[in-house]
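Step one of this worksheet: look at the structure below.
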Amino acid sequence: MVRSSWAANGAQEQNLKINTRKSIASAVGSIGEVYRMANAEIGKIPATVITGFLGAGKTTLIRNLLQTANGKRIALIINEFGDLGVDGEVLKGCGVETCTEDDIVELTNGCICCTVADDFIPTMKALLDRENRPGHIVIETSGLALPQPLVNAFNWPEIRERVTVDGVVTVVDSRAVADGHFAHDHDKVNAQLAADDALDHESPLEELFEDQINCADMIILNKSDLVDEAALTKIQQDIESKIKRSVKVVRAANGSLPASVLLGLEAATEGEVQNRKSHHEMEHEAFHAEHGDEAGDHPEHLHHHEHDHDEFESFVVDGPAVSNRKALISALHRVIEDHGILRLKGFVAISEKLMRLQIQAVGNRIDHHFDRDWQAEETQSSRLVVIGLEGLKRDEITKAIQAALA
């Protein structure tokens with residue numbers, strides 16, 4: 001009882017602090033500015049949220065960030081859609097002394113925006129309770145995550161007095177946007193949506209893309225080297241027209257930006273997130289506005305409270321070492337084309353090679369390179385994670401990929 005009373009009083013005290021900051025916001029300019037002033041006084045640990053759709057280049061951007069951090073101790077929280085932690089494996093092999101394997105936490109139990117209480121909050125508390133605390137925390141969301149719920153979590157009592165959101169960095173695949181889609185065969189996706197009256201007629205891909213853009217403090221137009229100047233300028237203008245706030249837009253090739261550009265934004269985004277609502281939040285508010293106090297009893301109410309990713313699915317395909325890399329890549333191209341796979345990534349063992357082959361495919365674009373030597377304790381085999389829209393023909397895709405790996 002004593003502990004419960006103390007927690008309640010503590011919560012009231014923290015709410016009073018927040019309300020006081022809001023009441024003086026007009027005198028300073030914005031709630032975000034009040035948060036920045038308070039954070040500077042308290043000395044909170046800054047955290048950067050890096051978001052962006054599947055295959056935009058988030059992991060590559062983070063790897064470059066780590067290599068240019070100039071000794072800053074950085075902890076990483078990596079959330080992936082699917083059970084195979086490919087991005088974590090890539091970053092663990094980056095060889096940066098100030099970001100060891102102990103500083104990398106992988107969350108593969110679900111999309112981070114849907115598991116805030118179960119996964120993210122306990123992970124953050126564990127990081128903050130370490131004797132050797134990080135100087136900066138970088139969070140890579142899954143390609144299907146809404147950044148808004150995650151940023152809101154920084155207002156939880158356990159977190160808000162110790163950490164501030166330095167900034168939300170949204171990575172955009174410039175080539176995919178220039179091609180008119182955010183995933184392979186956008187027309188096919190829209191045709192599926194239009195054919196089923198039970199589905200939303202606005203593409204979930206477009207909603208995710210817009211939500212990730214709308215929450216950003218900085219937008220990275222990645223893969224800019226794959227797009228001509230006219231197309232890149234149009235992309236930037238289109239994105240800027242969707243955002244009412246002033247947001248810095250930076251161009252990058254292969255995620256090559258230094259930590260000095262990405263860190264130190266001092267945005268205190270947790271104080272501004274209420275002005276950056278997602279489609280889901282706006283629909284939820286509209287639903288309550290329509291149904292009023294009876295909304296809680298409405299059969300659709302639960303749907304409006306939940307954000308899930310039922311329109312996407314993922315699975316892992318295992319296989320042996322491959323003898324012909326060129327034939328493998330050609331075969332994977334056909335599998336992606338035939339089945340409309342959004343994302344394919346993982347590692348492949350190549351016969352008589354001491355290094356593992358990293359595979360990263362977005363739509364029908366496949367990047368592949370040898371990233372590091374196989375370790376003595378590792379089994380030299382192949383594992384690929386497949387991500388696509390709900391309804392993938394899992395058995396057919398598995399057989400096709402296993403045939404390519406044979």
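The values are calculated or read from the model by the stated rules, or taken from the named source; none is laboratory data. Because the structure is predicted, anything quoted here is derived from the model rather than measured. Ideal geometry is used to build each Cβ from the backbone, glycine not excepted, and the neighbour counts take in all protein chains shown.
If you filter the stretch 256-288 down to residues that are modelled with pLDDT of 90 or more and part of a helix (DSSP H, G or I), you find that the one that is surrounded by the fewest Cβ atoms within 10 Å (Cβ to Cβ) is Ser260. Taking the conditions exactly as written (out of contact with any Asp or Glu (no Cβ under 9 Å at 6 or more places or on another chain) and either charged (D, E, K, R) or not assigned by TED's automatic domain parsing to the domain that holds Ser174 (or both)), does Phe347 satisfy them or not? So Phe347 fails the test.
Mind checking whether some residue in the stretch 232-242 is assigned to a loop (DSSP other than H, G, I, E, B), touching a residue at least 12 places away in the same chain (Cβ under 8 Å) and among the aliphatic types (A, V, I, L, M)? No: the stretch 232-242 contains no residue that is assigned to a loop (DSSP other than H, G, I, E, B), touching a residue at least 12 places away in the same chain (Cβ under 8 Å) and among the aliphatic types (A, V, I, L, M). Residues of the stretch 394-406 that are among the hydrophobic types (A, V, I, L, M, F, W, C) and not in a loop (DSSP other than H, G, I, E, B): Ile397, Ala400, Ile401, Ala403, Ala404, Leu405. Against the condition closer than 28 Å to Leu54 by Cα, within 21 Å of the chain's Cα centre (by Cα) and not in a helix (DSSP H, G or I), how does Ala145 come out, does it pass? Answer is yes for this residue. Within the stretch 218-227, being part of a loop (DSSP other than H, G, I, E, B) and either under 13 Å from Gly57 (Cα atoms) or at pLDDT 95 or above (or both) holds for one residue alone: Lys223. For the list (1) in contact with a helix residue (DSSP H, G or I) (Cβ under 8 Å, 6 or more places away or on another chain); (2) buried (at least 19 other Cβ atoms within 10 Å of the Cβ), I need the number of the one condition that Asp119 fails. Answer for Asp119: the failing condition is (1).
When you check Ala253 against the structure, is it touching a strand residue (DSSP E or B) at 6+ places or on another chain (Cβ under 6 Å), at pLDDT 85 or above and part of a loop (DSSP other than H, G, I, E, B), yes or no? Let's see the steps before the verdict.
Numbers: touching a strand residue (DSSP E or B) at 6+ places or on another chain (Cβ under 6 Å): no; at pLDDT 85 or above: yes; part of a loop (DSSP other than H, G, I, E, B): yes.
No: the conditions fail for Ala253.
Restricting the first member to the stretch 322-349 and to residues that are surrounded by fewer than 13 Cβ atoms within 10 Å (Cβ to Cβ), and the second to residues that are not aromatic (Phe, Trp, Tyr), the beta-carbon pairs closer than 7 Å and six or more apart or on different chains are Ser323/Ser351. Scanning the stretch 187-213 for residues that are at pLDDT 50 or above and in contact with a helix residue (DSSP H, G or I) (Cβ under 7 Å, 6 or more places away or on another chain) returns Leu205, Glu207, Glu210, Asp211, Gln212, Ile213.
Can you name the residue in the stretch 107-152 that is of a type in the set (Gly, Ala, Ser) and more than 23 Å from Arg63 (Cβ to Cβ) and is also modelled with the highest pLDDT among such residues? The residue in question is Ala126.
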